[in-house]
Amino acid sequence: MLDKPWNNRAWFFVIPVLVFVLFSSIIPMMTVVNYSVQDTMGQNNFFWNGAAWFQNLLDPTTDIGGRFAAALVRNLIFSLVVLCIELPLGIAVAICIPRHGWRVGAALVLIALPLLIPWTVVGTIWQIFARQDIGLLGAALNSVGIHYNDTQDPTSAWATIVVMDVWHWTGMVALLAYAGLKAIPDAFYQAARIDGASRWSVFRNIELPKLQKVLVIAVLLRFMESFMIYTEPSVVTGGGPGEATSFLSLDLVKIALGQVDLGNAAAMSLVYNLITLSLCWIFFTVMTQLEQRKGS
Amino acid sequence: MAWMAWTWATAGFFAAIALMLIVMTLLAVYRPETPRRGILQFPTTRGDRLFVSLIGTAFIFILWIRITGGDNLWYPVVIAVLYSAAMFRFA
C-alpha cells in the first residue's frame, strides 16, 4: 500500500465545507490571534503589545498565569477521573446488556436516554437534584448525616460534577462497547467454551482485545469532551465554590466576557486550543495507526 | 474589518500559512507522493510533516516563554527552524 502514490484530488470536494468553516471558525480564530498581540482601551483602538500577554499567561507567579496553570491541572485531573470511571463502568454495563430478545431494545433506550438531554438541562437537573433544601440527593445525604453542600464544600462540588458527567456519558461508552461486543463472532466464544476458559479469561483474551478499536474512539471522545467541558459545571456550580471547579473553558469565559480582558483571554484560548489540537492529533494518529497495523 | 484588529505581523503570519497551504495543495495535485516511515515510526506525508513542524514550533515558543520568560524570541526562532528542517528531512 505504501508504494502507490495518493491521488488527493477528491479533497477539492471539501471546499464548500471549508468556506463554511472559514466564517464559523477561521475568521473568529484569526481575530483571537490579532487580539493576543495587542492591547486596547476600548473604542476599537488597538496598540501593539508583542508577546506580553503570553509572557503573562505562561508565568505562574502572575494572577492570570496562576489561574491558567491551576485550571489546566484541575481540568486534566477531571478528565482523568472521568475516564477512569466511565471506561470500566461502560464496559461492565455493555457486558450486562442482553444480546437477544425484546430486552435489547429496552436496555439500549434506557442507556441512551441521558445522551439525548441537552447539556444545560442536564446541568439544571443536577443543580436542583443536589440542593440541600429541596433536592433529592442533597436533602437525602444530609438527612442521613453525610455533610454535603455543593455550593460551599469543594469536595461535594467535585463529587457532583464527576457523578453528573458519569451519569451523562457512561451510556455512550457502554453503547460503543456494546457495538464492539456484538461484532465478535460466536465462534470465539465456542472455542473458549471448549477450552474451558473462565469468564475472566474470555473477557481478558477475547472481548478486551476485540474492543480495542471502539475503546480508543471512546477515550478520544470522552477525553476531548471532558477537557472542553463548560455547560454543565457552569450551570451547577458556576466554577465554585471559590475556584474549585473552574475548568479551563469556564475560566476563559470569565476572563473574556466577565472581565472583558481581551488580550489575556486571547492568549489563553490560543494555548488552550493548541493543547486540544495536539492531543486530538495524537489520539487520531494512534487510532489510525492501530487500524492500519491490524489491516496489514 | 476594523473589528478584527489586524496588524502587519499577524497578517503576514496568516499570509504565510495560506501560502504554505496553497503550495501543499499544488504539490499534492502535480507531484503526488507516497507516505514514508521515518523517525516518528509511522508513515508521514508532506502535509503531516508540515503539521508536526507548525505544532512543534508553537510548543517550542510556549516552552521558551515558560522557561526563560521570553525576553528574546530569536533563539526559539532558530530552534524552530532547525526542528522543522529536521522534521521535513527525517520524519
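Quick notes
- Scope the range A:4-48; condition surrounded by 16 or more Cβ atoms within 10 Å (Cβ to Cβ), assigned to a loop (DSSP other than H, G, I, E, B) and at pLDDT below 90; matching residues: A:N8
- Candidates are the residues of the range B:65-91 that are outside any helix (DSSP H, G or I) and not small (G, A, S); the one that is surrounded by the most Cβ atoms within 10 Å (Cβ to Cβ) is B:L73.
- Some residue of the range B:51-64 being surrounded by 15 or more Cβ atoms within 10 Å (Cβ to Cβ), within 10 Å of chain A (Cβ to nearest Cβ), over 23 Å from A:I282 (Cβ atoms) and in contact with a helix residue (DSSP H, G or I) (Cβ under 8 Å, 6 or more places away or on another chain): no
- Residue count for the range B:39-50 satisfying the condition of being in contact with a helix residue (DSSP H, G or I) (Cβ under 7 Å, 6 or more places away or on another chain), farther than 16 Å from B:F13 by Cα, surrounded by 15 or more Cβ atoms within 10 Å (Cβ to Cβ) and not charged (D, E, K, R): 2.
- Summed over the range A:69-120, the residues that are buried (at least 16 other Cβ atoms within 10 Å of the Cβ) and either part of a loop (DSSP other than H, G, I, E, B) or not aliphatic (A, V, I, L, M) (or both) give a count of 8.
- Only residues that are without any contact (Cβ under 8 Å) to a residue 12 or more places away in the chain and either closer than 25 Å to A:Y230 by Cα or among the aliphatic types (A, V, I, L, M) (or both) were counted across the range A:99-136, and they come to 15.
Listed here are the residues, each with its yes/no results for (1) surrounded by 15 or more Cβ atoms within 10 Å (Cβ to Cβ); (2) touching a residue at least 40 places away in the same chain (Cβ under 8 Å).
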{"residue": "A:P185", "(1), (2)": "no, no"}
{"residue": "A:I206", "(1), (2)": "yes, no"}
{"residue": "A:F223", "(1), (2)": "yes, yes"}
{"residue": "A:E243", "(1), (2)": "yes, yes"}
{"residue": "A:D251", "(1), (2)": "yes, yes"}
{"residue": "A:K254", "(1), (2)": "yes, no"}
{"residue": "A:A266", "(1), (2)": "yes, yes"}
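- Subset of the range A:54-77 (residues that are within 15 Å of A:Y272 (Cα to Cα), β-branched (V, I, T) and within 14 Å of chain B (Cβ to nearest Cβ)): A:I64
- Candidate set from the range A:162-180 (those that are of a type in the set (A, V, I, L, M) and buried (at least 19 other Cβ atoms within 10 Å of the Cβ)); member that is farthest from A:L220 (Cα to Cα): A:M164
Here is a yes/no grid of residues against (1) touching a Gly at 6+ places or on another chain (Cβ under 9 Å); (2) assigned to a helix (DSSP H, G or I); (3) among the hydroxyl-bearing types (S, T, Y):
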{"site": "A:D133", "(1), (2), (3)": "no, no, no"}
{"site": "A:G145", "(1), (2), (3)": "no, no, no"}
{"site": "A:A157", "(1), (2), (3)": "yes, yes, no"}
{"site": "A:G171", "(1), (2), (3)": "yes, yes, no"}
{"site": "A:R193", "(1), (2), (3)": "no, yes, no"}
{"site": "A:L221", "(1), (2), (3)": "no, yes, no"}
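The values are calculated or read from the model by the stated rules, or taken from the named source; none is laboratory data. Predicted model only: the values in this text are computed from it and were never measured. All Cβ positions, glycine included, derive from the backbone under ideal geometry; neighbour counts span all protein chains shown.
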